[in-house]
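The values are calculated or read from the model by the stated rules, or taken from the named source; none is laboratory data. These figures come from a predicted structure and were not determined experimentally. Cβ sites come from the backbone with ideal geometry, for glycine too, and all protein chains shown count toward neighbours. All accessible areas refer to the heavy atoms of the entire protein, side chains included, with ligands and DNA or RNA removed. Shrake-Rupley method; radii C 1.70, N 1.55, O 1.52, S 1.80 Å.
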Amino acid sequence: MGKLDGRVVLITGAARGQGEQEARLFAAEGAKVVLADVLDDLGEALAKELGESTAAYVHLDVSQEADWTAAVVAAKDAFGKIDGLVNNAGILRFNELVGTPLEEFQLITQVNQVGAFLGIRNVAPEIGAAGGGTIVNTASYTGLTGMAGVGAYAASKHAILGLTRVAALELAARKIRVNAVCPGAIDTPMSNPEGSDPEAIAGLYKKLVPLGRVGQADEVAKLALFLTGDDSSYITGQPFVIDGGWLAGVSLF
Ligand code: NAD
C-alpha cells in the first residue's frame with residue numbers, strides 16, 4: 001500500500017529538479033500526479049514516462065491566474081478531484097539589492113510569492129471540496145535567514161512562510177494542512193545552472209554545510225511526501241528545514 005493511495009496532487013515546477021523528484025516519489029506512493037510547469041517538453045515527457053493513468057501534464061505559469069483556472073479544470077478532467085498541492089515552482093537571480101532592477105524584483109516576487117498565493121487561492125477550495133488534504137509550499141533556507149546577493153529571492157521566500165502560517169490558520173477548518181519545506185543547497189539546475197564540475201561544488205559545500213555535502217532533490221521529495229501524507233496528520237503551519245545543518249549555526253572546528 002502506498003502512502004498516497006487515492007490522492008490527487010498538483011505539483012508546480014514538476015518538469016525537473018525537486019518538483020520532478022516529488023512527482024516520481026508521489027506516483028510511486030500511489031498518487032495521481034498533475035505535473036505543472038512552463039517547460040512543456042520536459043513535463044510532457046515525464047508524464048508520459050509515469051503513464052497516462054498516473055500522471056497528466058498541464059502548462060501552468062504560476063504567475064498567471066488564468067493558467068491556474070485552466071490547470072484546475074484540467075486536473076479535475078484527468079483525475080476527478082485535487083486533494084494535494086505542492087507549490088514548488090520558483091526562480092532565482094543573483095544581485096545586490098542596490099543593483100537589482102525593479103523589473104527583476106517584481107518578476108521574482110510574481111513567480112515565487114504571487115505564484116504560491118495564486119496556488120493557494122485557486123486550489124484550496126478544490127481540496128476543501130474533496131474533503132480536505134494538504135498544501136506544501138517551497139520556501140528556502142533563505143526564508144529563515146539572510147544571504148547576501150539574493151535579496152529579492154530571500155524576501156519572496158520569507159513571504160512564503162507568512163503565507164504558509166496564515167493559510168494553515170484559515171484552512172484548518174476545511175481539513176487542509178499547510179506546511180513549508182525550507183531546503184538549503186540542493187543539487188538542481190537552479191543551484192548549478194552552468195552544470196559546473198561536481199568536484200568543485202563538493203569542495204564548497206564540504207566547508208559550508210555541517211553534513212559536508214550538497215543535498216539531493218529526492219531528499220527534499222521525501223520531506224514533501226511526509227508533509228503530504230498521513231504521517232504528518234497533526235502538523236500544520238510549520239516550516240521544515242532540510243539543509244544538512246547549515247542553519248544550525250557556525251562551527252569553529
Ligand atoms: P529548478 O530550476 O530545477 O526547478 C524549478 C522548476 O520551476 C523548473 O522546472 C521551472 O521550469 C519551473 N518554473 C519556473 N518558473 C515557473 C513559472 N513561472 N511557472 C511554472 N513553473 C515555473 O530548481 P529547484 O531547485 O528544483 O527548485 C524548486 C524549488 O525549490 C524552487 O521554489 C526553489 O526556489 C526552491 N529551492 C531550491 C534550492 C536549491 O538549492 N536548488 C534551495 C532552496 C529552495
Note the angle between two axes, namely the Cα long axis of helix 115-129 and the longest principal axis of the Cα atoms of the chain, as a number of degrees from 0 to 90, rounded to the nearest 10.
30
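Between E49 and V73, what length comes free when the chain is fully extended (0.36 nm per residue of separation minus the Cα-Cα distance, one decimal in nm)?
Working: separation 24, 0.36 × 24 = 8.64 nm, distance 2.26 nm.
Once the chain is fully extended between E49 and V73, it gains 6.4 nm.
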Amide H to amide H under 5 Å from V178: which residues, 5+ apart in sequence or cross-chain, H placed 1.01 Å off N in plane?
I135, G237
Taking 0.36 nm per residue of separation between A129 and D40 and subtracting their Cα-Cα distance, the length gained on full extension comes to 29.1 nm
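Once neighbouring chains are kept in place and the probe is 1.4 Å, which whole percent of the accessible area of the chain is contributed by carbon and sulfur? Let's see the in-between values first.
Working: 6810 of 12140 Å².
C and S atoms contribute 56 percent here.
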Label model pair M147, I201: point-to-point distance (7 angstrom along the Cα→beta-carbon line) in nm is 1.3
Across the chain, how many lysine pairs, 8 or more apart or on two chains, come within less than 27 Å at their alpha-carbon atoms?
25
How far is helix 17-28 tilted off the main Cα axis of the chain, in degrees rounded to 10, range 0 to 90?
40
Note the angle between two axes, namely the Cα long axis of helix 65-79 and the longest principal axis of the Cα atoms of the chain, as a number of degrees from 0 to 90, rounded to the nearest 10.
50
Value of D in µm² per second that Stokes-Einstein yields for the chain, Kirkwood Rh from Cα pairs, at 4 °C (1.567 mPa s):
71
May I ask you to compute the full-extension gain from L97 to E219, defined as 0.36 nm times their residue separation minus their alpha-carbon distance, rounded to one decimal in nm?
40.8 nm
List every residue whose amide H lies under 5 Å from the amide H of A55, counting only residues 5 or more places away in sequence or on a different chain, with H placed 1.01 Å from N in the peptide plane.
V33
Between the alpha carbon centres of the range 82-120 and the range 15-49 the gap in Å comes to 20
Ranked output for segments 24-34, 101-111, 199-209, 116-126 by mean other Cβ atoms within 10 Å, highest leading, reads 24-34, 116-126, 101-111, 199-209
